[in-house]
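Undergrad: Below is one structure. I have some questions about it.
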Amino acid sequence: MNARASERLFRSVRRLWTSNRADGRNLAQLSPEYLSLNDAYLRTKQKCESKKLPLDVNPKGVFACNELDLKEVNIYGFDYDYTLAVYKASMDSLLYNLGLEGLVNKFKYPPGIQEMKFDPSFAIRGLHYDIEKGLLMKLDSFLQIQLGTVYRGLSPVPDVEVLKLYKNKTVPLAYVENHGKTSQYFSSKMIQLADLFSVPEMCLLCNVAEYFERSQIDYHPEILFRDVKTSVGAGHPRMHKIVQENVTEYLEKNPGITEWFQRLAAAGKKLFLITNSPYQFVNCGMRHMIGPDWESYFDLIIVHARKPMFFTDESRPLRIYDKVHNTHVWDKVTQIKKGVIYYEGTLSQLQELTGWRGSEVLYFGDHPYSDLADVTLEHGWRTGAIIEELTHEINTLNREEFKKHCNWLQMLTQLIEECQEVEEADAKVTLGTWMLERDKLRQQIKKVFNRQFGSVFRTYHNPTYFSRRLFRFADVYTSSVTNLLHFSAQHTFYPRRGVMPHEYSSYFV
Ligand SMILES: [Mg+2]
């Protein structure tokens, strides 16, 4: 639309709009402030509609938080679960059902809780659970609670109650992070659920709490939390067995992984695996994904590593695992040999035995804290986070309707900021309707990711607590390790020049 046609349309819309006022006043009776406010709204709307929508983001992209030159990387390390091993939705149901079974059979919870079924769309990763108050919620990078995302059981807690309970929208730091101290003044009262195994755990926790609330059964949220955690954890050995019996039911093939490993080996890179899972379970999965010769791709394999202790403990000997007899050997490990399976140990020992140091190692994991935090903060390893949820998040961002809503939300927010000092009563009413429209838009944008909790990465406009930690601990992040297949071993990932609040909104305007 050219400028004159656009101006004509604007004037006719404005005429129509002002002549349809419910109080029957015509244009001449309206205050200049009111009119100029509505003019500004119509012009902004017009500008928004003519604005080009941003280009789609590649769901298989590798996104850099920090510059990473692969030429400097000689050693590639991997976690197993949810990093190399991509599980199907059936894995979540299995973990949920095993946890539920344990609660009824071992912890003697009421059999009625078995009515509560697993809902894969209930929770997202990165939520915080207040173990005293029994509330699940999403926090942003400023430790603010995102109102509207606080749940007791499956029921949302009204904002007024949340503000009454916490006396503030911001949660004190000591509530969330304990900095490794055990003093009561530093004990954290919130637990963050940051790995993908925790999604079924959160759903079980909320389902049981909901059952107790509905049945008016008194319960202690912390005891419930501990029991659910123990029960889901205790279900892991059975889960390992069930998956081994029918691996295709639970594990994706992850095509491309063998090709990528071959390419890395051809480029002279070393590969290693450090996983908390047991050998038999990993062996079964890797044979399914790569083939019986999977071990030949790795220069070092450590199972049962007990991360994050593997990265933080000073003295815990590395041991040899005997795959034939399914036991571990007592011998002292003095050198690393290809083809041998190791067990436990510490990172310092690994570095001593291999001579691998800092920035030549790139380690991939799905857990920003237990996989990535210590290796980057303490040992200077380069890190890659595998965040499976990126696929859903990026596909949502790429929807045309979503882009339009986002554009309008941004422009409307700016308009509200610029016009907020109005004094005339009618103008204030108009400003109020804009605020309502903005709130509605924000809700719409949030719900498309997950009805209850919105995006894993954002609260309304801030990064989530999860994102802040992720961006701090990961040099790059992507939805799957095999996305790296699209880049050569010489590639450099450059971070975007992020716009700071005091800078231009874009260098290309
Ligand atoms: Mg993992």
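Undergrad: How about region 86-125: which of its residues are under 15 Å from L205 (Cα atoms) and within 16 Å of the ligand (Cβ to nearest atom)?
TA: Passing the criteria: D92, L95, R125.
Undergrad: Restricting region 354-374 to residues that are surrounded by fewer than 24 Cβ atoms within 10 Å (Cβ to Cβ) and among the charged types (D, E, K, R), which is nearest to V199 (Cα to Cα)?
TA: Here the residue is D374.
Undergrad: Check T430 against each of (1) β-branched (V, I, T); (2) modelled with pLDDT of 95 or more; (3) open to solvent by less than 20 Å² (accessible area, probe 1.4 Å) and name the one condition it does not meet.
TA: Here T430 meets the rest and fails (2).
Undergrad: Please enumerate the residues belonging to region 472-498 that are out of contact with any helix residue (DSSP H, G or I) (no Cβ under 6 Å at 6 or more places or on another chain), more than 18 Å from V57 (Cα to Cα) and open to solvent by 30 Å² or more (accessible area, probe 1.4 Å).
TA: Correct list: R472, S488.
Undergrad: Follow-up question, since we're still on this one. Look at region 269-279 and say how many of its residues are open to solvent by 40 Å² or more (accessible area, probe 1.4 Å) and modelled with pLDDT of 95 or more.
TA: 1
Undergrad: Residues T44, T83: which one is within 16 Å of the ligand (Cβ to nearest atom) and farther than 30 Å from S155 by Cβ?
TA: T83
Undergrad: Being farther than 21 Å from E72 by Cβ and either acidic (D, E) or within 16 Å of the ligand (Cβ to nearest atom) (or both) is the filter here, so list the residues in region 345-372 that pass it.
TA: Selection gives E352, D366, H367, P368, Y369, S370.
Undergrad: Which members of region 281-319 meet the condition of being touching a His at 6+ places or on another chain (Cβ under 9 Å) and at pLDDT below 95?
TA: H304, K307, P308, F311, R319
Undergrad: Moving on to the next point. Given the structure, is V232 of a type in the set (A, V, I, L, M, F, W, C) and in contact with a Gly (Cβ under 6 Å, 6 or more places away or on another chain)?
TA: yes
Undergrad: I'd like the full set of residues that are surrounded by fewer than 17 Cβ atoms within 10 Å (Cβ to Cβ) and part of a loop (DSSP other than H, G, I, E, B), limited to region 95-121.
TA: K106, F107, K108, P110, K117, D119, P120, S121
Undergrad: L251 versus (1) over 25 Å from the mean Cα position of the chain (by Cα); (2) in contact (Cβ under 8 Å) with a residue 12 or more places away in the chain: which is the lone unmet condition?
TA: Result: L251 fails condition (1) only.
Undergrad: Determine which single condition E389 fails, assuming it passes every other condition in (1) open to solvent by 20 Å² or more (accessible area, probe 1.4 Å); (2) touching a strand residue (DSSP E or B) at 6+ places or on another chain (Cβ under 7 Å).
TA: So E389 meets the others, but not (2).
Undergrad: Is there a residue in region 184-197 that is among the aliphatic types (A, V, I, L, M), within 16 Å of the ligand (Cβ to nearest atom) and not in a loop (DSSP other than H, G, I, E, B)?
TA: yes
Table: residues versus (1) modelled with pLDDT of 95 or more; (2) within 27 Å of C406 (Cα to Cα).
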| residue | (1), (2) |
| --- | --- |
| K446 | no, yes |
| S455 | yes, yes |
| Y460 | no, yes |
| P463 | no, yes |
| R469 | no, yes |
| T478 | yes, yes |
| V481 | yes, no |
| L484 | yes, no |
| A489 | no, no |
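Undergrad: Another one. Residues to consider are L273, L224, L173, L204; find the one that is farther than 25 Å from S121 by Cβ and assigned by TED's automatic domain parsing to the domain that holds E132.
TA: L173
Undergrad: Cβ contacts < 6 Å: first residue touching a residue at least 24 places away in the same chain (Cβ under 8 Å), restricted to region 359-370; second residue part of a strand (DSSP E or B) and surrounded by fewer than 22 Cβ atoms within 10 Å (Cβ to Cβ), any location; separation 6+ or different chain. Result?
TA: Between residues of region 359-370 that are touching a residue at least 24 places away in the same chain (Cβ under 8 Å) and residues that are part of a strand (DSSP E or B) and surrounded by fewer than 22 Cβ atoms within 10 Å (Cβ to Cβ), the close pairs are E360/I75; V361/I75.
Undergrad: If a residue has to be in a loop (DSSP other than H, G, I, E, B) and open to solvent by 50 Å² or more (accessible area, probe 1.4 Å) to count, how many in region 138-159 make the cut?
TA: Residues meeting the conditions: 3.
Undergrad: Taking helices (runs of 4 or more DSSP H) that fall entirely within region 333-452, which contain at least 1 residues that are under 20 Å from H304 (Cβ atoms) and more than 26 Å from the chain's Cα centre (by Cα)?
TA: 347-354
Undergrad: Examine region 172-179 for a residue that is away from the ligand (no atom under 16 Å from the Cβ), farther than 27 Å from F364 by Cβ, modelled with pLDDT of 90 or more and not small (G, A, S), and state whether such a residue exists.
TA: Taking every residue of region 172-179 in turn, none turns out to be away from the ligand (no atom under 16 Å from the Cβ), farther than 27 Å from F364 by Cβ, modelled with pLDDT of 90 or more and not small (G, A, S).
The values are calculated or read from the model by the stated rules, or taken from the named source; none is laboratory data. Small disclaimer: the values here were computed from a predicted structure and weren't measured. When we count neighbours, we look across all protein chains shown, and the Cβ atoms used for this are built from the backbone with ideal geometry, even at glycine. Remember, those area values only see protein heavy atoms, side chains included, never the ligands or the DNA or RNA. Shrake-Rupley method; radii C 1.70, N 1.55, O 1.52, S 1.80 Å.
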